[in-house]
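Peer 1: Let me give you the structure first, and then I'll get to my questions.
The values are calculated or read from the model by the stated rules, or taken from the named source; none is laboratory data. Here the structure is a predicted model, which is why all the values come from computation and not from measurement. Here the Cβ positions follow ideal geometry from the backbone for every residue, glycine too, while neighbour counts run over all protein chains shown. Accessible surface areas use protein heavy atoms only, side chains included; no ligands, DNA or RNA. Shrake-Rupley method; radii C 1.70, N 1.55, O 1.52, S 1.80 Å.
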Amino acid sequence: MRVGEAFPAVKKFVGEDFFDALAGVSVRAHPPKTPMMMFYGQDFPAFLRGFEPAQSLPYLPDVAALELARRECYHAGDADPADAMVLTTLAPEVLMETRFELVPSAVLFQSENPAHSIWQFNMVEPFQITATHEWVLLTRPEMDVIAHNLDAATYAFLRTIQDNETLAVSADAGLAIDSSFDLSAAIGLMMGTQIIHQVKS
């Protein structure tokens, strides 16, 4: 697999000639450690951060990291989602002490630059980019990767859920970011995106 195939948005953004030049330097500096496609180019975002000719494009490493995250989501193992109705049977005090195992394809991504918006601009359709820092949940309910834009509080909530903390602790993580964090909406997001694999009460 060529670097250009692994990072099509980066290549499209900077142009083929510039990309081929930096890809050549990157491959020589960091030869592939495995033939598995999902792991190809793991060092590429870090390489871009130190590649002097790309310093005028500070968002480029984050776009490359997003492309890695999308590939991780796409190649993750399959896991059936839990029956969301299980949550409706739990008493409130039990629900708050519940832990959730997420499906392997649920990938959380954040960047200090509008990496997801830039990816969409180059790979889907042009639009006015207004975002700065971005938080994204990547899912793969079928064969396609779907990106869900998050706010910082919901990202913190889901990250804490992913770290195997209880719903109560995860809610506190969201509230610590934003006092208006909506726990019901966050639970609805998990149910709607079918990222809950197991409910451990």
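Peer 1: Which is touching a strand residue (DSSP E or B) at 6+ places or on another chain (Cβ under 8 Å) and of a type in the set (D, E, K, R), of D178, D151, D172, D163?
Peer 2: D151
Peer 1: Looking for whichever is within 20 Å of F121 (Cβ to Cβ) and among the β-branched types (V, I, T) here; the options are V86, V63, V103. Which one fits?
Peer 2: Answer to the check: V63.
Peer 1: Inside segment 121-201, counting only strands (runs of 3 or more DSSP E) that do not spill past its ends, which hold 1 or more residues that are of a type in the set (V, I, T), out of contact with any His (no Cβ under 6 Å at 6 or more places or on another chain) and farther than 18 Å from C73 by Cα?
Peer 2: Counting at least 1 such residues, we get 196-200.
Per-residue answers, yes or no, for (1) among the basic types (K, R); (2) over 22 Å from M123 (Cα atoms); (3) modelled with pLDDT of 80 or more:
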position: G15; (1), (2), (3): no, no, yes
position: M36; (1), (2), (3): no, yes, no
position: F39; (1), (2), (3): no, no, no
position: Q42; (1), (2), (3): no, no, yes
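Peer 1: I'm trying to understand the selection: among the residues of segment 64-100, which are of a type in the set (G, A, S) and either touching a residue at least 24 places away in the same chain (Cβ under 8 Å) or closer than 14 Å to W119 by Cβ (or both)?
Peer 2: A64, A65, A69, A76, G77, A79, A82, A84
Peer 1: Has segment 96-110 got any residue that is at pLDDT 95 or above, in a helix (DSSP H, G or I) and either open to solvent by 60 Å² or more (accessible area, probe 1.4 Å) or out of contact with any Phe, Trp or Tyr (no Cβ under 9 Å at 6 or more places or on another chain) (or both)?
Peer 2: Yes, that holds for at least one residue.
Peer 1: Within segment 48-78, take every residue that is among the acidic types (D, E) and modelled with pLDDT of 90 or more and give me the one that is most open to solvent (accessible area, probe 1.4 Å).
Peer 2: Among those that are among the acidic types (D, E) and modelled with pLDDT of 90 or more, it is D78.
Peer 1: For segment 56-87, name all the residues that are assigned to a helix (DSSP H, G or I) and closer than 20 Å to E165 by Cα.
Peer 2: A84, V86, L87
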